[in-house]
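One structure is given below, encoded as structure tokens.
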Amino acid sequence: MSDSINFDNSYLELPGRFYSKLAPTPVAGPGPIRVNRALAEQLDLDAAWLSSEQGTEMLAGNRLPDGAEPIATVYAGHQFGGWVPQLGDGRAILLGEVIGRDGQRYDIQLKGSGPTPYSRGGDGRAPLGPVLREYIVSEAMSALGIPTTRSLAAVTSGEPVYRQAAEPGAVLTRVARSHIRIGTFQYFLARQDIEALRLLVDYVVRRHYPAAAEAEIPAQEMLDAVVTGQARLMAQWQLVGFIHGVMNTDNMLLSGETIDYGPCAFMDHFDPSTVFSSIDRQGRYAYGNQPGTAHWNLARLAQTLLPVMHADEEQALVMAQESLDAFPDRFQQAYRDGMARKLGLNSLQADHDELVSEWLELMARESTDFTLAFRRLADLALPGPGPDVAGLFEFSEAFSPWLERWRQCIEADPQSLAERRGRMYEANPVFIPRNHLVAGAIDAAVSEGDFEPFHRLVDRLEQPHDYDPQQEDFARPPRKDEIVTTTFCGT
Ligand code: AMP
Ligand code: MG
């Protein structure tokens, strides 16, 4: 049993104006909810100790492990397009960094750990519901192969948190490749602190893009790599129907991981204008707007790099513009590659464009379940009745001409039928964190203290591609009375 974590902290090597040193504020009565054993192992942490009473106290912020040098980091950001000159970790504390078994550096952060100098009047706490949502959805994203921050553990605080009403409080332990956001760069540009920007570029290059250090202008190379990472990430979000909900510049990481699971949700029936977030009244961050928003956010990042890239502003602008302009093509390429896999094709040729656009139009017109429609196609890749989700999902008659065309396309595409179906199953999950399931799991925990639905859902979502007819309830779309139309940020 160990009370120490093998921390190897590097962010503290940056000057004091990047963070505030402070410890989490203890809570009244820490209680265990879940420890992510597989992740603990990857990080070389003792899962048994994390699950113990002492471990639970540590995860609640009541006990600092040896070697922790806790800090809250500062940043700024554009929230729904409006500039906020100072944000920062208002309810999160970075305990420190560890090196995982993969040799990568990871931040270990407590979220909901009490007020900090960046709380701006907030209580620094997190209600149980949003903590469970973040745990479920971030781990589901990881199982889907999408870059994301992870959830190492969730604990209850034994204290109420006051929002619209009193709710039980909780603390999430979040793990990330780093927590450096576009907003971290914006904070220093807004203060014309060019030295800090240089240090931050050096740091990000060393930590995430070491190859860029060899480039003539590392900042340009870093920007280019971040653009590529975000283009791919957006393609992955679109291909599974994930809607982030709060794509502010302070919620976009330089590492290319998805972060901040506030009012996020997965789309059930396909509709590009889908919005769930109760705070996104204009639909700024609707499903169909996500790639464009990422591009806009990257332009904010590029602005902060101009003074670092070149002494001559014109020259710097040309460099930054070149990387930014590559975003749409890189997104399209990643999206098309992914769509080809989802449709069972080796690659999308120009003459497949209509096939894709008609498929999406049909789904939108028929309000078709996005996830199950692709899964059903995989069944139909072999002649005869499909063995998979046939009982859960049948296409309407409106799809017949399209299905005929699709069959012709796959027949012309060189793959064996069995191989194609196997690949399509891999590209098309059947279990996603459907909103009504997430809401149900949260509701049981918050109103009845019953965490079983939460555990079952997290377990099920670990294998998103392996359909099990015994677990149909995790795969089926919501019935009318189960549809969740809004999600709350819960801050
Ligand atoms: P978010 O919407 O979660 O990205 O948070 C935006 C900003 O508000 C960040 O600086 C958070 O740290 C801060 N914040 C959110 N909730 C709280 C809270 N309950 N107490 C203090 N700060 C908060
Ligand atoms: Mg945030």
What order, most packed first, do the peptides 70-83, 133-146 have when packing is the mean number of other Cβ atoms within 10 Å of each residue? 133-146, 70-83
Checking the cross-link filter: which lysines have an alpha carbon closer than 26 Å to that of LYS111, excluding same-chain neighbours under 8 positions apart? LYS21
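What is the magnitude of the charge dipole of the chain about its Cα centre, with +1 placed on the Cβ of each Lys and Arg, -1 on the Cβ of each Asp and Glu, and no other charges, expressed in debye to the nearest 20? Provide the component values of the computation, followed by the final result.
Working: 43 positive and 67 negative charges, 158 e Å.
The calculation lands at about 760 debye.
Note down, for region 344-491, the three equivalent ellipsoid semi-axes (square root of 5 times each alpha carbon gyration tensor eigenvalue), biggest first, whole angstrom.
Over the Cα atoms of region 344-491, the ellipsoid semi-axes are 33, 17, 13 Å.
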Among 453-462, 177-186, how do they line up from the highest to the lowest mean number of other beta-carbon atoms within 10 Å? 177-186, 453-462
Tell me, TRP402, TRP49 in order of fewest to most beta-carbon neighbours within 10 Å? TRP402, TRP49
For region 28-33, in residue order, the Karplus 3J(HN,Hα) values (coefficients 6.51, -1.76, 1.60; θ = phi - 60°; whole Hz; Gly and Pro = x) are 6, x, x, x, x, 10
GluC sites (Glu not before Pro) within region 195-296, DSSP loop, no more than 12 other Cβ atoms inside 10 Å: GLU216
Where the only charges are on Cβ atoms (+1 Lys, Arg; -1 Asp, Glu), what is the dipole of region 282-429 about its Cα centre, to the nearest 20 debye? 480
I need the shape label for the chain. Rule: rounded when a/c is under 1.5, else prolate if a/b > b/c, else oblate, with a, b, c from the alpha carbon gyration tensor. oblate
Give the long-range amide H neighbours of ARG34: residues separated by 5 or more places, or on another chain, with amide H under 5 Å away, using H modelled in the peptide plane at 1.01 Å from N. ALA154
Would you work out the charge dipole size for region 10-179 about its Cα centre, treating the Cβ of every Lys and Arg as +1 and the Cβ of every Asp and Glu as -1, and quote it to the nearest 20 debye? 460
Among DSSP beta bridges lying fully in the chain, give the percent that are antiparallel, nearest 5. 95
Would you kindly state how much longer the chain becomes between GLN54 and ASP193 on full extension, computed as 0.36 nm times their sequence separation minus their alpha carbon distance, in nm to one decimal? 45.8 nm
Rounded to whole Å and ordered largest first, report the semi-axes of the equivalent ellipsoid of region 10-179 derived from its Cα gyration tensor (root of 5λ). 22, 20, 17
Once both labels are modelled 7 Å past Cα along the beta-carbon direction, what's the ARG405-ASP353 spacing in nm? 1.4
What's the extension gain from ASP202 to ALA390 if we count 0.36 nm per residue and subtract their Cα-Cα distance? 62.4 nm
In whole Hz, the Karplus estimates of ³J(HN,Hα) for region 397-403 (6.51, -1.76, 1.60; θ = phi - 60°; x where Gly or Pro) are 4, 4, 7, 3, x, 5, 4
The local net charge around GLU482, scoring Lys/Arg +1 and Asp/Glu -1 for residues other than GLU482 whose Cβ lies under 12 Å from its Cβ, equals 0
Taking 153-164, 416-427, 27-38 and ranking on average Cβ neighbours within 10 Å, highest first, one gets 153-164, 27-38, 416-427
Need one number: nm distance between label points at ALA166 and GLU13, each 7 Å from Cα along Cα→Cβ, rounded to one decimal. 4.8
Cleavage-rule hits, trypsin sites (Lys or Arg not before Pro), region 254-318, DSSP coil, Cβ neighbours within 10 Å at most 14: ARG281
Once both label points are put 7 Å beyond Cα along the C-beta direction, the LEU22-LEU417 separation in nm becomes 6.6
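Note the full-extension length gain between ASP325 and GLN463 as 0.36 nm times their separation in residues minus their Cα-Cα distance, in nm to one decimal.
46.0 nm
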Mind listing the long-range amide H neighbours of VAL484? Cut-off is under 5 Å, sequence gap 5 or more, other chains count too, H placed in the peptide plane at 1.01 Å from N. HIS436
Scalar couplings 3J(HN,Hα) for region 108-115 by Karplus 6.51 cos²θ - 1.76 cosθ + 1.60 (θ = phi - 60°), nearest whole Hz, x for Gly and Pro, are 10, 10, 9, 10, x, 9, x, x
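Readers should treat all values here as calculations from the given coordinates under stated rules, not as data from a laboratory. Remember, predicted model here, so these are calculated numbers, not experimental data. Counting neighbours? That spans all protein chains shown, and the Cβs are built from the backbone with ideal geometry, glycine included.
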